[in-house]
Amino acid sequence: MEYQDIIYEVEDATAVITLNRPEKLNAWTSTMERELRDAFKRTDADQGVRSVILTGAGRGFCAGADMGLLNTIADAGGQDERAVEPESGGIEDNYRQTFTFPLTTRKPLIAAVNGPAAGLGLIISLYCDMRFASDRARFGTAFAPLGLVAEHGVSWTLPRAVGIGNALDLLYSGRVVGADEALQMGLVQRVYPHDELLTQTKEYTAYLARRSSPQAMRVMKKLVWDAQFQDLAGATKAANAAMAQSVASPDFKEGLNAFAEKRDPRYPGLSV
């Protein structure tokens, strides 16, 4: 697929996906969504890619849904025609909602938030594993000022990131918070000077590529997200079963050898 609204690049072991409508602060379109889904599938299929960074071109990360898309939904009487995969029951249904697809990527996914992230932009960042922010980043829910309510799971993801009180503050008021406040409330995990954001984020992904087993990270990512939909007993049983498999894996032997030999481990990429 040739991309119109995103840029896809691979540098060393990191795939960088850039939302690319800078003149619109990377406002979300249906084309962008289709292309992003395809790009995530490419990262999963590329054994050389160990981590994925999602960022924005120009001054913004993503300013929310494009006004043309919002007007189309409004003209349709509020009906959003974006497809949702059919549900079959169980945990996997949580990954089949309209915008939960970033959770299904098999590799660490970090949002490098370089500017405004509002509405759908905030939602997509919350479906990434971590958020690293530029000191110019700004975050807002944007719903209440438009007469809208929290959508696409943000009422689930946002309280898990910042707590119920902070989440309701952001949702009720629609106010915009800066990077430092976002860090204080747990919305982001790192804040960097603007010009260093992508470099520092790549340094983190390079560290993961040197030190961490892709297979172990894949399994842990699934365990952690699955656990959000499980009770303690279910999460414990799943993790213990996965641990038994990892102890018997070649990666565990390689990790032990690397530790004994005081070198970086040499782990294979994920098989397709």
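Answer rounded, prolate or oblate for segment 159-272, using the Cα gyration tensor with square roots of eigenvalues a ≥ b ≥ c: rounded when a/c is under 1.5, else prolate when a/b is larger than b/c, else oblate. In terms of gyration-tensor shape, oblate. Each of A117, P268, Q97 was scored by the projection of its Cα onto the charge dipole of the chain, and the greatest displacement toward the positive side belongs to P268; charges sit on the C-beta of Lys, Arg, Asp and Glu. Cross-link pairs exceeding 22 Å between alpha carbons, from the set K221/K262; K41/K107; K24/K221: K221/K262; K24/K221.
Taken one residue at a time, the phi angles of segment 35-49 give Karplus couplings (6.51, -1.76, 1.60, θ = phi - 60°) of 5, 5, 4, 5, 5, 5, 5, 5, 5, 5, 7, 8, 5, x, 8 Hz. Gly and Pro are set to x. DSSP beta bridges fully contained in the chain are about 30 percent antiparallel. Is the shape of segment 6-208 best called rounded, prolate or oblate, per the rule: a/c under 1.5 gives rounded, else a/b larger than b/c gives prolate, else oblate, with a ≥ b ≥ c the square roots of the Cα gyration tensor eigenvalues? It comes out rounded by the Cα gyration axes.
In this calculation the C-beta distance from I164 to A235 is compared with R0 = 22 Å, giving a FRET efficiency of 0.55.
Put in line by how crowded their Cβ is, counting other Cβ atoms within 10 Å and starting with the fewest, H152, H194 read H194, H152.
For the chain, a simple Cβ point-charge model (Lys and Arg +1, Asp and Glu -1, everything else neutral) yields a dipole of about 780 debye relative to the Cα centre.
Here, each number is a calculation from the coordinates, and none is a lab measurement. Keep in mind that what you see is a predicted model, and the values were worked out from it rather than measured. Backbone-built Cβ (ideal geometry, glycine too); neighbour counts: all protein chains shown.
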